[in-house]
Amino acid sequence: MKEKLCIIFGAGEVYAPKIKPSADDLVIGADGGYMAAKGLGIEPNVVVGDFDSGAQPTEIGAHIIKLNPDKDDTDMIAAVKLGLRRGYTTFVLYGGVGGRLDHTTANFATLSYLNAFGAKGFLIDKDCIATVIADGKFIVPKGRHGTVSVFAYGGEASGVNLKNLTYELDNATLTPHFPLGVSNSTTDGKRGEISVKSGSLLIFFPR
């Protein structure tokens, strides 16, 4: 049975040429992300935003949630909260990278936010995917070959293990102050394993 996804389109650079949401997926356009989805022939179920990065769409089938521009939530976080309220636990974020570096950084925090609520988040870039894990394990999906980078996120991460990667670690400690885990790579015929006993890791793996 296919896992139900909450698919969110932001207003950044979208790398989703072959995406085909299923009927059970929830597709949300976060502000200008509505037009990004439409450009791929995808009609969002919901559009959320204060519409500072694109005009509010009119005469569309999607439900529109207009946000006050004076808010703490980013449009992406508002979309994520909607997906969580509707019971989704796996989130795929397109259009959340590129453009403004602070927006990209905010979306790394969004991955951590999802993790804190027991959900999985995946931020899609052109050549890689980012995710955050805490006190747990991540297996690089089968058939993904290329660069894997691992960073402590939000503080020190202890009990870090990297297995079946070119450079392995055993019960190591990573800190936010030194990028020890950058530019690792997968190995032929093996699925990389990344785990942490205490703390959070920001992981980048191949598309």
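The values are calculated or read from the model by the stated rules, or taken from the named source; none is laboratory data. Every value quoted in this text rests on a predicted model; they were computed, and no experiment measured them. Every residue, glycine among them, receives a Cβ derived from its backbone with ideal geometry; neighbour counts consider all protein chains shown. Only protein heavy atoms, including side chains, enter the accessible area calculation; ligands, DNA and RNA are left aside. Shrake-Rupley method; radii C 1.70, N 1.55, O 1.52, S 1.80 Å.
Taking segment 72-194, how much of its Cα-Cα pair set, in percent, is spaced more than 18 angstrom apart? Let's see the in-between values first.
Details: 4201 of 7503 pairs.
It works out to 56 percent of all Cα pairs.
Which of the peptides 155-162, 24-31, 194-201 is most tightly packed, and how do the rest follow, judged by the mean count of other Cβ atoms within 10 Å per residue? All intermediate terms of the calculation are to be shown ahead of the outcome.
Values: 155-162: 17.4, 24-31: 24.4, 194-201: 20.1.
Final packing ranking: 24-31, 194-201, 155-162.
Between 0 and 90 degrees, the angle of helix 75-85 with respect to the longest Cα principal axis of the chain falls at about 80 degrees. When +1 charges are put on Lys and Arg Cβ atoms and -1 charges on Asp and Glu Cβ atoms, the dipole computed for the chain relative to its Cα centre reaches about 740 debye. Structural descriptor for the chain: relative contact order 19 percent, calculated from alpha carbon pairs under 8 angstrom and at least 6 residues apart.
Given axes a ≥ b ≥ c from the Cα gyration tensor, I'd like to know whether the chain is rounded (a/c under 1.5), prolate (a/b larger than b/c) or oblate.
Numbers: a/c = 2.15, a/b = 1.78, b/c = 1.21.
Prolate shape, in that a/c is at least 1.5 and a/b is the bigger ratio.
Here residue 147 sits with roughly 80 square angstrom of accessible surface, probe radius 1.4 Å. Alpha carbon centre of segment 114-152 versus segment 171-207: separation in Å? Each part's Cα centre sits 9 Å from the other's.
What is segment 21-113 by shape, rounded, prolate or oblate, if you read a ≥ b ≥ c off the alpha carbon gyration tensor as root eigenvalues and call it rounded for a/c under 1.5, prolate for a/b larger than b/c, and oblate otherwise?
Values: a/c = 1.37, a/b = 1.13, b/c = 1.21.
Here segment 21-113 falls in the rounded category.
Can you give the net charge of the other residues whose Cβ lies under 13 Å from the Cβ of residue 32, counting K and R as +1 and D and E as -1? With Lys, Arg at +1 and Asp, Glu at -1, the neighbours total -3.
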